[in-house]
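The values are calculated or read from the model by the stated rules, or taken from the named source; none is laboratory data. Since we're looking at a predicted model, the values are computed, not measured. Methodologically, a virtual Cβ is constructed for each residue, glycine included, from the backbone with ideal geometry; neighbour enumeration extends over all protein chains shown. The accessibility values were calculated without ligands, DNA or RNA, using every heavy atom of the protein model including side chains. Shrake-Rupley method; radii C 1.70, N 1.55, O 1.52, S 1.80 Å.
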Amino acid sequence: MNERSIKYSINLNFEEIKLPPFQDILIVGKNSTQGKIGLTKSFEMLIPNGFETIDIIDERVETVFVNKHILKKMPAEKVLEILNKNVFPFISDGELIRVDFKINISIENLEVTSSEL
Amino acid sequence: MINPFVNREYLTVDAFDGVSLVKNKIIEKGCAVVFMDDEPIGLITPRDLAASPHNLIVDCLSKKPKLLYGSKIKDALKIMDESRSEILAVYHDDELVGTLFKGDIANHLMTTIETHHSNLQEVAHDLRTPVANLMGIIQLMEESFIDSENEELFSAAKIAYKNANNLISEILKPTIHPAFAIQVTPFELRKILEESVLQVQDIGRNKNIQIFVNLPESNIFSSGHSLSIKRAIDNILNNAIKFTKPGGSVEITSELKAEHCFIRIADNGIGIPDEMKPFLFEKFTSARRVGTSGEATTGMGLHITRQICESNAVGLRVISTVGEGTVFELKFKLIGILAN
């Protein structure tokens with residue numbers, strides 16, 4: 001009688017990740033399993049003083065975490081306005097949405113006097 | 001006070017405990033005090049867990065009012081009703097001392113009510129005999145002192161005995177849930193009014209107060225518990241006579257309007273001051289006064305009248321001016337009118 005042999009086949013792939021799993025903005029939808037306080041505490045432990053928690057009144061969104069680097073370049077109200085117009089309409093109940101938000105600032109007609117040179 | 005009902009032994013959980021780990025314990029105990037960094041931060045209840053989808057205890061916590069140790073039961077129940085909470089945390093000098101369950105207070109109140117009712121029934125039962133003896137004495141005296149002047153006194157004494165006996169019977173009735181206590185049957189309104197007037201005629205005559213009755217000839221039918229409604233009308237009529245000076249008058253009129261019959265009992269007595277009106281129908285009201293001829297009052301009559309009207313769906317309105325008199329208006333739902 002032939003003996004049975006078992007062969008295992010493994011597909012392996014890996015990549016670098018960063019924690020927390022978002023760098024710019026995280027939107028927490030209503031009724032998500034992860035609550036605001038738990039998320040705030042965990043992000044604070046990972047990157048102390050790295051994110052701003054913005055509570056908003058919206059039927060779809062519980063709260064928004066924004067990297068402070070973004071708020072240095074653009075006020076929170078403007079960021080929320082952009083998110084409200086372009087992202088919030090796509091959020092479903094219970095979802096966590098990662099938003100990549102890269103700001104590019106260019107300044108034109110910058111005058112420098114000869115004395116400043 | 002709430003102090004005897006405060007639970008000092010309570011379940012504690014950490015704010016960052018997973019809900020799935022502690023949920024069953026919270027449901028079993030009814031609540032848990034949530035600690036963060038060794039400090040209590042709130043009370044979590046099964047209702048919080050049901051209302052929240054989060055997986056950490058701290059995210060499921062809802063804001064609840066704090067009860068102060070030493071608060072009155074009435075105030076604590078009011079806070080619980082307003083916040084729709086069955087359980088609240090109790091604090092003393094900003095320190096959590098325990099939890100309070102509404103159910104514990106309710107059980108205590110039920111026991112107290114049952115005890116009081118039982119005591120009241122015992123007293124009423126014991127009163128039956130002396131009151132019955134009084135009637136016997138009245139009857140004996142009536143046989144010995146037969147003249148027209150005494151006849152009226154004996155008549156009044158017999159009415160007083162009848163009222164006392166009816167009250168004792170009411171107290172001795174078995175306790176029935178209010179929803180089932182009212183036997184709603186059709187009754188003839190004019191008959192009840194005429195009986196009430198007959199009952200108070202001697203009292204009115206003794207005080208030189210004229211009672212005028214202006215009712216339609218037809219029989220007016222409404223529905224409700226006729227004995228209770230008669231009691232309400234008796235209370236109003238007695239008050240009308242009590243608070244009218246000798247030489248005054250009381251008038252009973254009726255008005256049929258659409259599907260209702262309005263009965264108005266109006267006196268030209270001392271009237272009710274504005275500051276007393278908000279308290280008129282309270283139990284043992286502070287608005288109670290001695291009658292114009294020194295008649296005593298318990299402060300219960302109008303409270304009972306209002307309760308009877310509410311349970312029989314009879315509208316009740318009072319219009320009064322000091323020095324001019326008072327009108328009590330009762331609004332009955334008509335079920336029929338029969339010409340006499």
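For the segment A:47-53, counting C-beta atoms of other chains within 10 Å of every residue's C-beta and taking the mean gives 0. Restricting attention to the range B:177-338, the count of lysine pairs at 8 or more positions apart or across chains with alpha carbons under 22 Å apart stands at 17.
Return the percentage of antiparallel bridges among DSSP beta bridges fully within chain B, rounded to the nearest 5 %. Restricted to chain B, the bridges split so that about 80 percent are antiparallel.
Estimated from the Cβ-Cβ distance and a Förster radius of 56 angstrom, the FRET efficiency linking A:Arg98 and B:Lys102 is about 0.80. For A:Glu62, the residues 5 or more places off, or on other chains, whose built amide H falls under 5 Å of its own are A:Val28, A:Gly29, A:Lys30. For an R0 of 60 angstrom, estimate the FRET efficiency from the Cβ-Cβ distance between A:Ser106 and B:Asn119 and round to the nearest 0.05. The computed FRET efficiency comes out at 0.10. Ordering B:Lys25, B:Lys277 by accessible surface, largest first, gives B:Lys25, B:Lys277; the 1.4 Å probe counts only protein heavy atoms, with every chain in place.
For the pair B:Arg47 and B:Leu215, a Förster radius of 35 Å applied to the C-beta separation gives a FRET efficiency near 0.05, rounded to the nearest 0.05.
When the Cα atoms of chain A are aligned to their principal axes, the ranges along those axes come out at 96, 43, 29 Å in descending order.
Across chain A, the longest run free of exposed loop sites, meaning chymotrypsin sites (Phe, Trp or Tyr not before Pro) lying outside DSSP classes H, G, I, E and B with no more than 12 other Cβ atoms within 10 Å, spans A:15-117. Considering only Cα atoms, the convex hull volume of the range B:13-100 works out to 86 Å³ per residue.
Exposed loop sites here are GluC sites (Glu not before Pro) in DSSP loop states with at most 16 other C-beta atoms within 10 Å. What is the longest stretch of chain B lacking them? Display every interim value, and only then the final one.
Values: sites that count: B:Glu9, B:Glu86, B:Glu217, B:Glu259, B:Glu282, B:Glu295, B:Glu324.
For GluC sites (Glu not before Pro) (loop position, at most 16 other Cβ atoms within 10 Å), the longest site-free span of chain B is B:87-216.
For B:Lys245, the residues whose amide H sits under 5 Å from its own are B:Ile270, ignoring neighbours fewer than 5 places away on the same chain, with H placed 1.01 Å from N. Helix A:36-46 and the long axis of chain A differ in direction by around 90°, with both axes built from C-alpha atoms. What's the longest uninterrupted piece of chain A once you rule out the GluC sites (Glu not before Pro) that are loop residues per DSSP with at most 13 other Cβ within 10 Å? After excluding every exposed loop site, the longest remaining stretch is A:60-107.
Spin-label pair B:Glu86-B:Ile137: with each label point 7 Å from Cα along the Cα-Cβ axis, the two points sit 5.6 nm from one another. Can you say what percent of the DSSP beta bridges in the range B:1-84, counting only those with both residues inside, are antiparallel? Round to 5. Around 65 percent of the beta bridges assigned by DSSP in the range B:1-84 are antiparallel ones. For the residues A:Lys18, B:Lys207, a 1.4 Å probe over the protein chains yields an accessible-area ranking, largest first, of A:Lys18, B:Lys207.
Note on chain B: GNM, Cα springs under 10 Å; of B:Ser320, B:Ser293, B:Ser144, the largest mean-square fluctuation is that of B:Ser144.
At a temperature of 10 °C and a viscosity of 1.306 mPa s, determine how fast the range B:177-338 diffuses translationally according to Stokes-Einstein, using the Kirkwood radius over alpha-carbon pairs as Rh; express D in µm²/s, rounded to the nearest whole number. Working shown, then result.
Values: Rh = 16.1 Å.
The diffusion coefficient I find is 99 µm²/s.
In terms of the Cα gyration tensor, with a ≥ b ≥ c the square roots of its eigenvalues, is the range B:1-153 rounded because a/c is under 1.5, prolate because a/b exceeds b/c, or oblate? Cα axes put the range B:1-153 in the prolate bin.
For chain B, what class follows from the C-alpha gyration tensor (a ≥ b ≥ c being the square roots of its eigenvalues): rounded when a/c is under 1.5, otherwise prolate if a/b is larger than b/c, else oblate? Prolate, because a/c is 1.5 or more and a/b exceeds b/c.
Sites listed here are trypsin sites (Lys or Arg not before Pro) in the range B:241-285 whose DSSP assignment is loop and whose Cβ has at most 13 other Cβ atoms within 10 Å: B:Lys283. The range B:25-71 and the range B:101-138 have Cα centres lying 42 Å from one another. Simple rule: put +1 on each Lys or Arg Cβ and -1 on each Asp or Glu Cβ in the protein assembly as shown, find the dipole, and look at B:Thr45, A:Val64, B:Val327; the Cα lying farthest toward the positive end is B:Val327.
Distance between the C-alpha centres of the range B:183-219 and the range A:3-19: 99 Å, rounded to the whole angstrom. Label-to-label distance, B:Glu9 versus B:Glu39, with points set 7 angstrom from Cα along the beta-carbon direction: 2.9 nm. Restriction of the trypsin sites (Lys or Arg not before Pro) in the range B:63-167 to DSSP coil positions whose beta-carbon has at most 15 other beta-carbons within 10 angstrom yields B:Lys63, B:Lys66, B:Lys72, B:Arg84.
In summary, the lysines within cross-link reach of A:Lys102, defined as a Cα separation below 21 angstrom excluding same-chain residues under 8 places away, comprise A:Lys18, A:Lys68, A:Lys72, A:Lys73, A:Lys78, A:Lys85.
Rounded, prolate or oblate: which fits the protein assembly as shown when a ≥ b ≥ c are the square roots of the eigenvalues of the alpha-carbon gyration tensor, with rounded for a/c under 1.5 and prolate only if a/b beats b/c? Cα axes put the protein assembly as shown in the prolate bin.
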